[in-house]
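The values are calculated or read from the model by the stated rules, or taken from the named source; none is laboratory data. Since we're looking at a predicted model, the values are computed, not measured. For neighbour counting, all protein chains shown are included, and Cβ atoms are generated from backbone atoms with ideal geometry for every residue, glycine included. SASA here: full protein model, heavy atoms, side chains in, ligands and nucleic acids out. Shrake-Rupley method; radii C 1.70, N 1.55, O 1.52, S 1.80 Å.
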Amino acid sequence: MEIDKGLIINFLWSKKIAEMEVINESGGIKIGWIRASWPLAKLTVTKDKLELNGGLIGNLVFRPSDVISIEAGGFFAFTGRGLKIIHNVANYYSTAIFITSRPNALIAQIKEIGFLENKGPLPFDLENEISMYQSTGSFPMKIPMAIAMVVIWNVLFLLDQTKLFHANRSFGIPGAGAQIALAFVFLTFLSLLISQRAREIILRPGRKVSDISTTTYFFMLITGIMFLGFSLIPK
């Protein structure tokens, strides 16, 4: 069977062009005073949109016209330097930083892809999507639901220290209350991944699984390990 070398070359070249049209980079994130290290954040850039996705920590989406400048700035021990996004979106924290080991190279790629120089109108669907994200702020959860989770978590841990769940347990040793709190958080995050209804209740309008998946898996891993560890502690 004879292989057409021209078709192969065209295919590889088309693939290369497609790769050049989008930047995908994993790293850390700092939004306001909240910070998370690699690999809990992802930077995605096309000529029409820049997205800094920190999952449950925050998700920021920008048009080219929203970004005043992008510059290297700040040093984060053990994790790299900052790629500082200076923007004019009122509903976002003024400080938005992507933490990476190669900020200058990323800035060059973003310029090459044409994002900063893009002055043209965006496609209608993309314009609506960006407007929706920006109107609800960077935090993906509904504030009352986030407050409810924190309150339930703390109440269960406080009740655990009163020996309500195990009268003969030594003070300071995690008991059933702590395990219930961990199971509650684990199952809440699991429901976000598998249930559309749960996402409608907990997340702000328009948020998708891909917006929260990385940090959700991370928190599930941590709470799952802690739950198993507390289960093995002698009571």
Practice task
Please verify whether segment 88-98 includes one or more residues that are modelled with pLDDT of 90 or more and loosely packed, with under 11 Cβ neighbours inside 10 Å.
Solution key: yes
Exercise for the section: Report whether or not ALA77 is modelled with pLDDT under 95, open to solvent by 20 Å² or more (accessible area, probe 1.4 Å) and of a type in the set (A, V, I, L, M). Expected result: yes
Exercise for the section: Scan segment 208-228 and report the pairs whose first residue is over 9 Å from LEU56 (Cα atoms) and whose second residue is of a type in the set (Phe, Trp, Tyr) and open to solvent by less than 20 Å² (accessible area, probe 1.4 Å), with Cβ atoms within less than 7 Å and a gap of 6+ or a chain change. Expected result: PHE219/PHE189; MET220/PHE189
Exercise for the section: Working only within segment 173-223, note down all residues that are outside any helix (DSSP H, G or I) and open to solvent by 30 Å² or more (accessible area, probe 1.4 Å). Expected result: ILE173, SER195, ARG204, PRO205, GLY206, LYS208
